Structure formats: structure tokens, C-alpha cells
Amino acid sequence: MTPANEIELAEAIASAPGPLRIVGGDTRRIGHAVEGTTLSTAGMTGITLYEPGALTMVAKAGTPLAEIEAALAAENQRLPFEPTDMRGIYGATGQSTIGGVVATNNSGPRRIQAGGCRDSLIGVRFVDGQGNVLKNGGRVMKNVTGYDLVKLMSGSYGTLGVLTEVSFKVLPAPEASATVVVEGLSDPEAVAVLSAALGSPYDVNAAAHVPATGQTAVRVEGLEGSVAYRAGELVKKLGGAVADFDWTSVRDLKDFASREEDIWRFSVKPSDGPKLGSALRDAGAIDVMYDWGGGLVWALTPKGSDMRPAMGAIGGNATLIRGSGAAVFHTEPAAIQFLNEGLRMKFDPRNILNTGRMG
């Protein structure tokens, strides 16, 4: 089913006799496989409001991400949270949609400065599991009345409702960008360098370490003169040099995506990143990579391996991004599970929206 508008979507959900598999462009396949009738939001497209002067955009959920980014680029603006392109990871050929980005709270390297997708989201419209049309938030950041369903819907993976429209703030594109690259550091040394960069006054907006290439990289963006000065000061502070660096490779996990093994994602304190990386290697990980200053650890692992025990006493969470044979999402404490189940029963009492996707 591919509804053309919100009314048709609400009718489709209200009359559904059984589970529905909710997709946008079907490019972000995180989670357990869902059995059910496919319901696509790809028919609901279009930017319904764009006010460059107010740094605000509203778009229907099925609007391709490429269309959003092109419209912003034409006004020298961009999405703050640098969403990833996950098609390489899953071998998908469809068009990523803005609804899919929001539903998975997708965020790239710039998250350490600009926050995640949900931090830029200011309004949503969606249809719940009973076919009711709901809305929350608006077109300005100060609209915070009522329950914060905006934050709740971002990262719910289509299990609480099907997004029909999203509103978000955007930012001006930078005049210049520069990356300082330090070579040959161990994981602990690299994370120490990243922490020093992030703790500096030089407004770093991306910080990653790629052990496979031995590169540790930090990025600064903004006005050309400011970027040149800040990059120079970072070279003095960290060593290394200003050099070319492919941030899309980190953002889209290109090196891991081209392999066939499983991919795990861990979110921890940056100071715990190297410890976790070592534990993952001891547990059989083929390769690891660090983003967000060491707080985001990616691991390429043998097929069917469960890498969660490698966390030990390290706090954080683990997600199986690609693979099978293990629980996909981190097991939450009983109290959190109780709250999650209560929310699910409130918004989808028939349990038909992406049933089983989050376990």
C-alpha cells in the first residue's frame, strides 16, 4: 500500500486486518525483520514550507532526503545533524526519505556539535495504530506545550505511529571547512587527542579515529579566515597537518559497508571508547572505528556473533546494525521496558505498526 496523503494513510491503518511493515525508501533496515503488509510513505512527498530567513523547513515524510538537501543547498543552507546514507550498508537502491531519517533518529559526525536529528526536529504529524491523526510541536523552537511527542517519535522506528509530516530547523552552510589529521596514533592516544580538540575553544564539529588507516581527524567549519586560524591552532595543539579527509566515509561507514560481515554500533562515554575497542577485538571483532570523539564505536564482526557481552561493566548501549543471530537493540532495564510497553499500547493498542521490529 502506498497512500497518497494523510487521509488515505489513516484509513489504511484503521482498516488494516493485521500487522503492517512501515517503510519510506526502505534504506534504513535497522531492527528485526517485520512480517506484515508493506505500507509505504513514499507517496506523500513535497516540501510544504521553506522559510530560509527563519531557518525552518516543513516537508511530508516521504520526501526524498536528496530533495531536501538540494533545496537547502540552493539557499546555502543544510541540515544540522549530517544524516548518513545507509544504502551501502544494506545494499539498498531506494531513495532515503526524511521520514525515515526522523524515525531512526539518524545523525552523523556533526552530532557532537549540532546534536542529533531529534534536536533539530520542532514538529511532527503522524497517524497512530488506530488511524488517529496526531500532531505536536510547530514551526518555531519555543512551541513546547503539551507532551513532547516530537522527541518521542524520533527514534521510535515506526512502532508508535507513521509520520506524515516533519518540521525542523536548518542552519547556514559554512563558507569553508578544514580537517586536521594526525597519523599513527593508538586508540587511547587518538581518543586523548580527540578529547583535547573537543575541549579546546576552536569549535570542532567532527572528531573521528580510523584505526585501519591510522588517521585521527578533527574538522572545523565556518568563515574562511576563522577556519584557517582555528585549524592552524589545532595543528599546534595536536600535531599533524591540515589534509584531505573523506568524512562521508566515516559518516556512511563505507569501509565496513563494502564487507559482508556483521556491523555493530556502540554508544559509550568517549573515555570508555578505547577500552571497549580493545574488548571487542578480544571478542573477535575484525575492525573497529571511532566517531563522536570516541563515544560512537563501530565494529565489524564475524557473522552471527553477539558482541554485547564485550561491553562488560562499560555503560552504554549496543545495536546490531547489520546481521542476524542476536538481539538487535540493547536490553533495557525492566522499568524502562515497562514504560516502553505502556507507550506502545497507548499509541498502537492493536500492535500492528512494525510489530517486532524493536524486539
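No lab work stands behind these numbers, since they all come straight from the coordinates. What you see is a predicted model; the values in this text were computed from it and never measured. So basically every Cβ, Gly included, is an ideal-geometry build from the backbone, and we count neighbours across all protein chains shown.
For Lys254, list the lysines whose Cα falls under 17 Å from its own Cα; do not include residues on the same chain fewer than 8 positions away.
none
Of the cross-linked pairs Lys303/Lys346; Lys169/Lys236; Lys237/Lys275, which ones have a Cα-Cα span greater than 27 Å in the structure shown?
Values: Lys303/Lys346 37 Å; Lys169/Lys236 35 Å; Lys237/Lys275 25 Å.
Beyond 27 Å between Cα atoms: Lys303/Lys346; Lys169/Lys236.
Would you work out which of Ala66, Thr27, Leu149 lies farthest towards the positive end of the dipole of the chain? Charges go on Cβ: Lys and Arg +1, Asp and Glu -1.
The listed residue farthest towards the positive side: Leu149.
Highest first, please rank the peptides 347-356, 252-261, 106-115, 45-54 by the mean number of other Cβ atoms sitting within 10 Å of their residues.
Values: 347-356: 19.0, 252-261: 16.3, 106-115: 21.2, 45-54: 12.9.
Most protected by this proxy first, the peptides run 106-115, 347-356, 252-261, 45-54.
Give me the one-decimal Kirkwood hydrodynamic radius in Å for the chain, with the sum taken over alpha-carbon pairs.
Over the chain, the inverse of the mean reciprocal pair distance is 21.3 Å.
Apply the a/c threshold of 1.5 to the C-alpha gyration tensor of the range 1-102 and tell me whether it is rounded, prolate or oblate. Let's see the in-between values first.
Values: a/c = 2.88, a/b = 1.47, b/c = 1.97.
Because a/c hits 1.5 or more and a/b fails to exceed b/c, the range 1-102 counts as oblate.
Take peptides 329-336, 279-286 and line them up by average Cβ neighbours within 10 Å, highest first, as a rough protection proxy. Intermediate results must be reported in sequence, preceding the final value.
Working: 329-336: 11.2, 279-286: 17.0.
Packing proxy ranking, top to bottom: 279-286, 329-336.
Once both labels are modelled 7 Å past Cα along the beta-carbon direction, what's the Ser177-Ser324 spacing in nm?
The modelled label-to-label distance comes out at 3.7 nm.
Pairing the Cα long axis of helix 273-282 with the longest principal axis of the chain, what angle in degrees results, from 0 to 90 and rounded to the nearest 10?
80
Among the aspartates and glutamates, which fall within straight-line cross-link reach of Lys60, defined as a Cα-Cα distance under 18 Å, with same-chain neighbours fewer than 8 residues apart omitted?
Glu6, Glu8, Glu11, Asp26, Glu51, Glu69, Asp128, Glu165
Note the angle between two axes, namely the Cα long axis of helix 224-238 and the longest principal axis of the Cα atoms of the chain, as a number of degrees from 0 to 90, rounded to the nearest 10.
Approximately 60 degrees, to the nearest 10.
Based on alpha-carbon atoms only, what is the radius of gyration of the range 6-172 relative to the globular estimate 2.2 N^0.38 Å? Walk me through the intermediate numbers first.
On the way: Rg = 15.1 Å, N = 167, 2.2 N^0.38 = 15.4 Å.
That works out to 0.98 for the range 6-172.
If each residue's Cβ is checked for other Cβ atoms within 10 Å, how do Glu341, Glu221 rank with the fewest at the top? Kindly include the intermediate steps, with their values, before the conclusion.
Working: Glu341 10, Glu221 20.
Sorted ascending by nearby Cβ count, the order is Glu341, Glu221.
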